[in-house]
Amino acid sequence: MSQQRQKLAEQLAEAVAQALSEDLDRQERVLLVVSGGSTPVPFFKALAAKPLAWSRIDITLADERWVDEQSSDSNAKLVRENLLQGDAAAARFVPLTAEASTPEEGVAAVAEQTASLSWPASVVILGMGGDGHTASLFPDSQELGLALSTDEPLVAVRTPSQPQPRITFSASRLHQAHRHILHITGDDKRAVLANALNGDDVRQLPIRAFLSCPLAIYWAP
Ligand SMILES: O=C1O[C@H](COP(=O)(O)O)[C@@H](O)[C@H](O)[C@H]1O
C-alpha cells in the first residue's frame, strides 16, 4: 500500500465520519452505502477506528456478487472483516444476499431486507472499474438500461464480462443519497474518469450517471 493511497483512505474516512456525525446530530439513525472490490480496504480500516455512535449507523453495499458469504469474492465478507471491527461492529449491517440460488429469485427478499434501512443514505461511496462500471452497472450488462431507469431499488444483473451474477442498487436509489463520493486509485482509473468527464453516453461509461450528483472525487496514484 503506497503512502498516498493510505493518506487518501484516511482523508476519506475523516470526511465520511464527519458527514455521519453531522447527520447523527439531526436524526436517530443514518445509513452509509459502501462499495466492494479491492480499493476500499484501507478506507474501511480507517473508518472503523473513528469514534462514532456506531450502534445508530446502518451500513449496506452498493452492489454484491451472488456468491456465498464465505467466498473471497463476497463484498459482505470484505465489509465484515475490515469495517465491522472494534467499536464499528455495533453498526447494523444489511448484506445484499438472500436464501435463493439466483439474484433474480432473491431480489425481492433483498429489497424487503433493505427497505428498513435509514433511507435516504447519508453517504454513498462508489468505486469504479477500468470499464467505467460503478456499483454493478456494467457497460456490457443486459440489465444496464433497467438499472439506470427503474424506480425499483434493486436489480439482478448478468454481465458477460463477469464470472458471477450480481445484484445492485439502481441508479435512482443511489442518486437519492445526500452525498456521493467516488474513491479510486491508479493512473488507469484516472484516465477512465477523464474520458467519462469528456462525454455523456452513460451506457458506454456508467460512472457518468453520477458525475453531476455532485460527486466528490477521492483519487491517489
Ligand atoms: O466489482 C466491483 O468492482 C468495483 C471496483 O472494484 P475495485 O476492485 O477496482 O476497487 C466496485 O466498486 C464494486 O462495488 C465491486 O462490486
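Structure notes:
- Tail weight of P(r) past 13 Å, computed on alpha-carbon pairs of the stretch 78-133, percent: 73
- Here's the picture: charge each Lys and Arg Cβ at +1 and each Asp and Glu Cβ at -1 in the chain, and of 191, 118, 177 the one pushed furthest to the positive end of that dipole is 191.
- Solvent exposure of the chain as accessible area per residue, Å², 1.4 Å probe: 44
- Helical content alone sets the calculated 222 nm signal of the chain at -10000 deg cm²/dmol, taking -39,500 (n - 2.57) per DSSP H segment of four or more residues and averaging over every residue.
- Qualifying GluC sites (Glu not before Pro) in the stretch 1-71, DSSP loop, other Cβ atoms within 10 Å at most 10: 28
- The trypsin sites (Lys or Arg not before Pro) of the stretch 21-110 that DSSP puts in a loop, and whose beta carbon has at most 16 other beta carbons within 10 Å, are 29.
- Residue of 89, 194, 171 that the Gaussian network model of the chain assigns the largest fluctuation, springs spanning Cα pairs under 10 Å: 194
- Reachable aspartates and glutamates, given that their alpha-carbon falls under 16 Å from the alpha-carbon of residue 77 and they are not under 8 places away in the same chain: 63, 64, 68, 69
- Computed over the stretch 49-102, the Cα gyration tensor eigenvalues convert (square root of 5λ each) into semi-axes of 23, 11, 8 Å, ordered from largest to smallest.
- Dipole magnitude for the chain: computed about the Cα centre from +1 point charges on Lys and Arg Cβ and -1 point charges on Asp and Glu Cβ, it is near 580 debye.
- Fraction of alpha-carbon pairs over 23 Å apart in the chain - percent: 43
- Just so you know, the Rg over Rh for the stretch 1-77 is 1.00, from Cα atoms, with Rh as the Kirkwood radius.
- Taking the 1.4 Å solvent-accessible surface of the chain as the whole, the part contributed by carbon and sulfur is 47%.
- Signed unit charges on C-beta, dipole axis of the chain, positive-most listed residue 24, 133, 97: 24
- Taking 0.890 mPa s as the viscosity and 25 °C as the temperature, the Stokes-Einstein diffusion coefficient of the stretch 43-157 based on its alpha-carbon Kirkwood radius rounds to 161 µm²/s.
The values are calculated or read from the model by the stated rules, or taken from the named source; none is laboratory data. Everything numeric here is computed off the predicted structure, so don't read it as measured data. Counting neighbours? That spans all protein chains shown, and the Cβs are built from the backbone with ideal geometry, glycine included. What goes into the accessible areas is simple: the full protein's heavy atoms, side chains included, and nothing from ligands, DNA or RNA. Shrake-Rupley method; radii C 1.70, N 1.55, O 1.52, S 1.80 Å.
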